[in-house]
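Some notes on the structure that comes next.
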Amino acid sequence: MKIKHWGAASLVALLVACGSDSDTKGEVTPPTPEPPTKDTKVFGTQPEFSMRGKHFNLYWNEGSGFYFYEGGMVIEAPKTRPIVISGDEVLDWLDQHHGGESIKNQYVKTFKPGNFSEFDAIIYAMENRQDEICQRWGKEFGCQLDVEYRWVPERRTFQVSVNGQENWLTVRDYDGGDETAANNWGLEFIGNFRADEILVKNKMNIGFAPIDEDELAHYQQAQRDEIARLEANDGKLIIDEIRVQTGMRLNQYIDFEQRYIKEYNRQDPYSSTFTTELSEAQLDANGEPMTHTGFVQDGDFVSCGIEGLICWDYTPDYSIRNVEVKAHNLRPDYFYDGVITMADVALSLNDVAGHSGSLILWPTLDTNTNVDTYAINDIDGLYSSGFYGWNYNWTDSAMHERLGTSPWDYSPHIVGDMAVLASPNLVIFQYADFYRSYYEVQEFTAGDDNDPYRATRHHVLEPSSPLTSEHFGWQVANCGQCHSSQDMDFSVHKDLAMDDALEPAKCAECHGNNGAKWGHDQKSGCYRCHFDMVGHGDANTANRTAHPFEKHGIGQSKTLPDPYACVSCHANANDILIGGK
């Protein structure tokens, strides 16, 4: 095996308790928590990350698992066993051979020590795990593996050669926890990505394989164009156009029909069978017939699918021109100062008159996914929440116009504060509601007919008999831990006389929110992040369900339904818009 590097030398570079109410007499005034300020643009505690003590999986000679066709896509898992590599192995190797820094840092200061890129991972594996590579490659022990890499400044990246072939690129799949396992998620290819700018995270899957030479030439030219644009702007990242689509709308030029689902294929919804006969319809968990929207093409019914990708109108609602993006240095654990990511694009909108953007921390999710990254919270006052959120792509990630496909076919599954940008000329923000065509998910609590606490919200903020910090169960959300309907004075609590169980949000109407923190401008799907809640009774009923609500709220707690009870006590300071425009 030969490893050759052409270029510069390596640099060295809650309290939980219950009991009776306090016996304190006299008038008391509860403490008033300060709501978040309206100019807060980043919600959540600064996370810390390192690949020490973690691992990733390398799939040799495995490319994209996404196969697109008109009307849908098929996702295939890798066919070979992964080479499991610990983060400690790679970091120790960088310490010994590259001054403890990512190799790219010799040319562009990018990753902080403790982190490394896909490129670092690939070079490490080819230097140190050759036997496993040969085995996965289907070749003999000690097979030929000659690797060369050189720095290409006009593309701001490394060119890698494997046995003389320069058309090898990386693909990836960040860990999705239980959902990755359940849905057999495949490796994703985004051609204009630079492997030396892609952060390796825990349990990540990385593939490395050759691609078509003509396709490679297109991506390499896109990289040259980016760096030329950056130099022409004196090193400033200026985006020519940001396109914003504020809702997913059906294509007005398609004649839509609705059919009953006869047999639903979860792994490949587009291969499901449909019928016009109600008697043949498959029923959901509520006993209701399941339907899909679609259209007839060449005599066959084509389903829009759960996501509805092929049925939406992707015309932007407006554009923002000539936006200078500045580094906000959100992730000092990942990057050196000055590295610009997609998260910086959202925050830089606040410097443009009439526009705004904010971020929110995604912690460990209920799918066993340890995300700990900042996602886009809002663009121009339209907020992500629950099953609603902002998707994005840029320049040659936005290939749908050239290829005549859906924008979602090339939307990278990488969170904004990890998506390193060079100098894209185009950014697209699309507000997504993937489940509208299949599930009746709550759009937002204000005016929602399913909301049992619509009339109580202002009373929670201005209660008649507020609890204070002297209450023994202060900040315990589940009143039923200590109280029951049997010990209530129903001359006072008339509205609760018929209840089988106490609903804390109804208690809060008179007694206040019992010290609950202010919300963070979310109005649905709280269970996705808050899945291990102490003192909240059965509020986590919806946990570990991909589609918890369906048409009639199945999967909700009876006493602390999500999100209605959540936002009753954890009030939002701002009247935010969710659900699209």
Can you give me the number of residues within segment 155-164 that are within 33 Å of the chain's Cα centre (by Cα) and surrounded by fewer than 13 Cβ atoms within 10 Å (Cβ to Cβ)? 0
Evaluate segment 87-98: report whether one residue or more is among the charged types (D, E, K, R), crowded, with 22+ Cβ neighbours inside 10 Å and either under 28 Å from the mean Cα position of the chain (by Cα) or under 23 Å from Y336 (Cβ atoms) (or both). no
Any residue at all in segment 241-254 that's exposed (fewer than 13 other Cβ atoms within 10 Å of the Cβ), of a type in the set (F, W, Y) and either touching a helix residue (DSSP H, G or I) at 6+ places or on another chain (Cβ under 7 Å) or not in a helix (DSSP H, G or I) (or both)? yes
Among the residues of segment 201-223, write down those that are outside any loop (DSSP other than H, G, I, E, B) and acidic (D, E). E213, D214, E215
Name the one entry in R155, R81 that is closer than 28 Å to N368 by Cβ and assigned to a loop (DSSP other than H, G, I, E, B). R81
Since Q442 meets every condition but one in (1) surrounded by 14 or more Cβ atoms within 10 Å (Cβ to Cβ); (2) closer than 19 Å to A573 by Cα; (3) modelled with pLDDT under 70, which condition does it not meet? (2)
Tell me, which residue of segment 275-303 that is among the small types (G, A, S) and in contact with a strand residue (DSSP E or B) (Cβ under 7 Å, 6 or more places away or on another chain) is modelled with the lowest pLDDT? S303
Please state which of the following conditions D173 fails to meet, knowing it meets all the rest: (1) at pLDDT below 95; (2) surrounded by fewer than 17 Cβ atoms within 10 Å (Cβ to Cβ). (2)
Any residue in segment 217-240 that's farther than 11 Å from E324 by Cβ and of a type in the set (A, V, I, L, M): show its pairings with residues that are surrounded by fewer than 14 Cβ atoms within 10 Å (Cβ to Cβ) and modelled with pLDDT of 95 or more at Cβ separation under 8 Å, as long as the two are six or more apart or on different chains. I227/P153; I227/E154; A228/E154; L230/K236
Conditions: (1) within 30 Å of the chain's Cα centre (by Cα); (2) among the small types (G, A, S); (3) modelled with pLDDT of 85 or more. G555 meets all but one. Number of the miss? (3)
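Do the conditions hold for I242, that is, is it among the β-branched types (V, I, T) and within 25 Å of the chain's Cα centre (by Cα)? Break it down into steps so the answer makes sense when it comes.
On the way: among the β-branched types (V, I, T): yes; within 25 Å of the chain's Cα centre (by Cα): yes.
Yes, satisfied.
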Restricting the first residue to segment 505-529 and requiring it to be assigned by TED's automatic domain parsing to the domain that holds L560, which pairs with a second residue that is modelled with pLDDT of 90 or more and of a type in the set (D, E, K, R) meet a Cβ separation below 6 Å and a spacing of at least six or different chains? none
Quick one: E132 ticks every box in (1) acidic (D, E); (2) in a loop (DSSP other than H, G, I, E, B); (3) at pLDDT 95 or above; (4) over 22 Å from S102 (Cβ atoms) except a single one, so which number is it? (2)
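The values are calculated or read from the model by the stated rules, or taken from the named source; none is laboratory data. Every value quoted in this text rests on a predicted model; they were computed, and no experiment measured them. For neighbour counting, all protein chains shown are included, and Cβ atoms are generated from backbone atoms with ideal geometry for every residue, glycine included.
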